[in-house]
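Notes follow once the structure below has been shown.
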Amino acid sequence: EANVLREATAYKDAFDLLGQAVEKLPNVPELLYDYAMAAEKVDRLDVLESNLRKLIALKPDHAHALNALGYTLADRTDRLQEAHQLIDQALKLSPDDPFIQDSMGWVLYRLGRVDEGRAYLERAFKSRPDPEIAAHLGEVLWMQGRRDEAQRIWQDTLKEHPGNEVLQGVIKKHAQ
């Protein structure tokens, strides 16, 4: 039911529904993860962080929980060293996961290690041309002055994923 609500962009309803489920089943890893991801959509980073930390305490080898917390810290806070440590743990557990590679690229970029970050993002995008990875790679290329290349990646990916909010947002940000 929460997935249906998410797909209908009823993020607050999905968040509320998952919150009720977590109250009833507080130690179910899948629910903790889904609730944390729903919390991000309604800008409740406190709920995201507390649920992911609980999940990591229950399952320290949960690469996606480590990655989600690390990425959120890298993207939405200035806690970049902590984010890097979490993503590094996730990458050690799942080195070929393109989403974790994307997170590592993004945190390295945010730390000012732009070339190193771009290498991770290029590897992730080559492995999986996902619209959010495209948004990050294009952002880094744009900041390096490689604007034509960034726009080409964004536009090509937008053709395949016209409704992606993250990709649309980054294109709009740089169209000004």
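The values are calculated or read from the model by the stated rules, or taken from the named source; none is laboratory data. Keep in mind it's a predicted model, so treat the numbers as computed, not measured. We place every Cβ from the backbone using ideal geometry, glycine too, and count neighbours over all the protein chains shown. Accessible surface is based on the protein model in full, side chains and every heavy atom, while ligands, DNA and RNA are left aside. Shrake-Rupley method; radii C 1.70, N 1.55, O 1.52, S 1.80 Å.
For the stretch 124-156, filtering for residues that are buried (at least 18 other Cβ atoms within 10 Å of the Cβ) and not β-branched (Val, Ile, Thr) leaves 15. On the given criteria, is Leu73 at pLDDT 95 or above, closer than 24 Å to Pro129 by Cα and in contact with a Gly (Cβ under 7 Å, 6 or more places away or on another chain)? Here the answer is no, as Leu73 does not meet what is asked. Could you list, in sequence order, the residues of the stretch 94-129 that are closer than 21 Å to Lys159 by Cα and not in a helix (DSSP H, G or I)? The answer is Arg128, Pro129. Look at the stretch 121-142: where a residue is more than 18 Å from Arg110 (Cα to Cα) and a partner is in a loop (DSSP other than H, G, I, E, B), sitting 6+ places away or on another chain with Cβ atoms under 8 Å, you get Ser127/Asp96; Pro131/His161; Pro131/Asn164. Of all residues in the stretch 130-176, those satisfying the criterion of being farther than 22 Å from Val114 by Cβ, part of a helix (DSSP H, G or I) and among the polar types (S, T, N, Q) are Gln155, Gln168. Looking only at residues in the stretch 83-110 that are open to solvent by 50 Å² or more (accessible area, probe 1.4 Å) and touching a helix residue (DSSP H, G or I) at 6+ places or on another chain (Cβ under 6 Å), the one that is nearest to Leu167 (Cα to Cα) is Arg110. For the stretch 53-83, the set of residues classified as under 21 Å from Leu111 (Cβ atoms) and of a type in the set (A, V, I, L, M, F, W, C) consists of Ala63, Leu66, Ala68, Leu69, Leu73, Ala74, Leu80, Ala83, listed by residue number.
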